[in-house]
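S.K.: Encoded as structure tokens, here's the structure I'll be asking about.
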Amino acid sequence: MSTITEAPDAALLAAVRTAPKAELHLHLEGTLEPEMAFALAQRHGVALRWPDAQALRAAYAFDDLQAFLDLYYAGCDVLRSADDFFELAWAYCRRAAADGVVRAEVFIDPQSHTARGVDFAVFMPALARAAQRARDELDLSVDYIVCALRHLSEDDALAMLEASRPWAEHYIGVGLDSSERGHPPGKFTRLFARAGELGLRRVAHAGEEGPAAYVAEALDALGVERIDHGVRALDDAAVLERLARERVPLTVCPLSNVRLRVYPDMAAHRLPELLRAGIVATVHSDDPAYFGGYVNDNYTALFEAHPQLGADDAYRLLRNGLQASFAPTAQVERWIARLDAHWRRCGYALPA
Ligand code: ADE
Ligand code: ZN
């Protein structure tokens, strides 16, 4: 007798992959696929260290965050003209829409461009044009968040924020990224106070490689509304309990955490524990060109490695992502209604 049965979670994964979802932790510069890096290098007559895209992709084996960042900043060097930035952002938007993304809050690292003489006037209007096209043609809502590089000084970050002001209509918030160890959130207190004065949304990477104390510090010293990564909060019961009580979303990036060796493999990823602890966890892709997958690949890898995660967990993660977005409340409610209808159509009950 031959029985052709689907793997038990195949239907669930299909439901997740086609669900409307939010991408809240995505670095635009981390979407630079090797093929595009080579095309742009050729456009600008820049020599890359690798013979071809395949060799570059093969170099994406990282021991830690810093090893990745060294390559990531080197990759930025091919981004020079407005067309480059438009093409990068538009390619990402099309890829995201194919994954069911209806809302993307996209990080950009202005200092990685301005330090090379590529000004806001070059990249910001181009990125805004891609976002507008995504709204018009893909029904994808895109906003940008300008991030400060924490390995640089706070004065540098403040100068970046002031330089960005002529393009204020094109971004909604300020974030904090780059090398976490040795660069605590408290180093950027004045930057985030200024962002608050300007009415900007605030987020920060914390508890990726750095300790749980950095998560609490980001909340206390910077007033952030979401924590990017935050998985190291699991090391401190008091921090974890606070995150759950205050319903602070953690934008978790499973493939990134494995590629950067925060966890040895996906089975060791502790996202299920975050859910069990009542944390508002969400799933995202961080730097998909470097870490082997976009948002649906992250969901798939996570659920395949953790068969104990079920339909209620999947729904919760999808809903958390939409709910944690900075889009207007009425819009978020429409997306959640779409998610609910999709979930029921796929044969799943909505969790109580
Ligand atoms: N910049 C791009 N990706 C990052 C990450 N995962 N952590 C810190 N800074 C980053
Ligand atoms: Zn990140």
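The values are calculated or read from the model by the stated rules, or taken from the named source; none is laboratory data. These numbers were taken from a predicted model, which means no experiment stands behind them. Please note: Cβ atoms are built from the backbone with ideal geometry, for glycine as well, and neighbour counts cover all protein chains shown. Just the protein is used for accessible areas: all its heavy atoms, side chains included, with ligands, DNA and RNA removed. Shrake-Rupley method; radii C 1.70, N 1.55, O 1.52, S 1.80 Å.
S.K.: Any residue in region 104-115 that is farther than 23 Å from residue 225 by Cβ and surrounded by fewer than 18 Cβ atoms within 10 Å (Cβ to Cβ)?
M.R.: There is at least one residue in region 104-115 that is farther than 23 Å from residue 225 by Cβ and surrounded by fewer than 18 Cβ atoms within 10 Å (Cβ to Cβ).
S.K.: Follow-up question, since we're still on this one. Go through region 241-265 residue by residue and tally those that are more than 16 Å from ligand 1 (Cβ to nearest atom) and surrounded by 24 or more Cβ atoms within 10 Å (Cβ to Cβ).
M.R.: 1
S.K.: Another question about this same structure. What number of residues in region 17-60 are assigned to a helix (DSSP H, G or I) and more than 16 Å from ligand 1 (Cβ to nearest atom)?
M.R.: Number of matching residues: 17.
S.K.: If residue 135 satisfies all but one of (1) open to solvent by less than 50 Å² (accessible area, probe 1.4 Å); (2) touching a strand residue (DSSP E or B) at 6+ places or on another chain (Cβ under 8 Å), what's the number of the condition it fails?
M.R.: (1)
S.K.: Hey, another quick one. Among the residues of region 304-324, what is the count of those that are open to solvent by 20 Å² or more (accessible area, probe 1.4 Å) and outside any helix (DSSP H, G or I)?
M.R.: Here the count works out to 3.
S.K.: Under 7 Å between Cβ atoms, at least 6 apart or on separate chains: pull out the pairs that start in region 21-48 with a residue that is farther than 26 Å from residue 322 by Cα and end on any residue that is acidic (Asp, Glu) and open to solvent by less than 10 Å² (accessible area, probe 1.4 Å).
M.R.: Pairs found: 40/84.
S.K.: Being open to solvent by 10 Å² or more (accessible area, probe 1.4 Å) and assigned to a loop (DSSP other than H, G, I, E, B) narrows it down to one of 337, 238, 301, 327, so name that one.
M.R.: So the residue among 337, 238, 301, 327 that is open to solvent by 10 Å² or more (accessible area, probe 1.4 Å) and assigned to a loop (DSSP other than H, G, I, E, B) is 327.
S.K.: I need the full set of residues from region 261-298 which are in a helix (DSSP H, G or I), of a type outside the set (A, V, I, L, M) and within 30 Å of residue 35 (Cβ to Cβ), in order please.
M.R.: If we filter region 261-298 for residues that are in a helix (DSSP H, G or I), which is where we start, we get 266-268, 271-276, 288-291, 295-298.
Add one more test, that the residue is of a type outside the set (A, V, I, L, M), and what stays is 272-273, 276, 288, 290-291, 296-298.
Residues satisfying the conditions are 288, 290, 291, 296, 297, 298.
S.K.: Can you find, within region 210-235, the residue that is nearest to the chain's Cα centre (by Cα) among those that are buried (at least 19 other Cβ atoms within 10 Å of the Cβ) and part of a loop (DSSP other than H, G, I, E, B)?
M.R.: So the residue we want is 230.
S.K.: For region 289-298, enumerate the residues that are within 14 Å of ligand 1 (Cβ to nearest atom) and in contact with a Lys or Arg (Cβ under 8 Å, 6 or more places away or on another chain).
M.R.: Once the filter is applied, which keeps residues that are within 14 Å of ligand 1 (Cβ to nearest atom) and in contact with a Lys or Arg (Cβ under 8 Å, 6 or more places away or on another chain), region 289-298 yields 290, 291, 292.
S.K.: Modelled with pLDDT of 95 or more, within 14 Å of ligand 2 (Cβ to nearest atom), charged (D, E, K, R) and under 22 Å from residue 151 (Cα atoms): does that describe residue 286?
M.R.: Here the answer is yes, as residue 286 does meet what is asked.
S.K.: I need a count of the residues in region 93-139 that are within 16 Å of ligand 2 (Cβ to nearest atom) and part of a helix (DSSP H, G or I).
M.R.: Of the residues in that region, 3 qualify.
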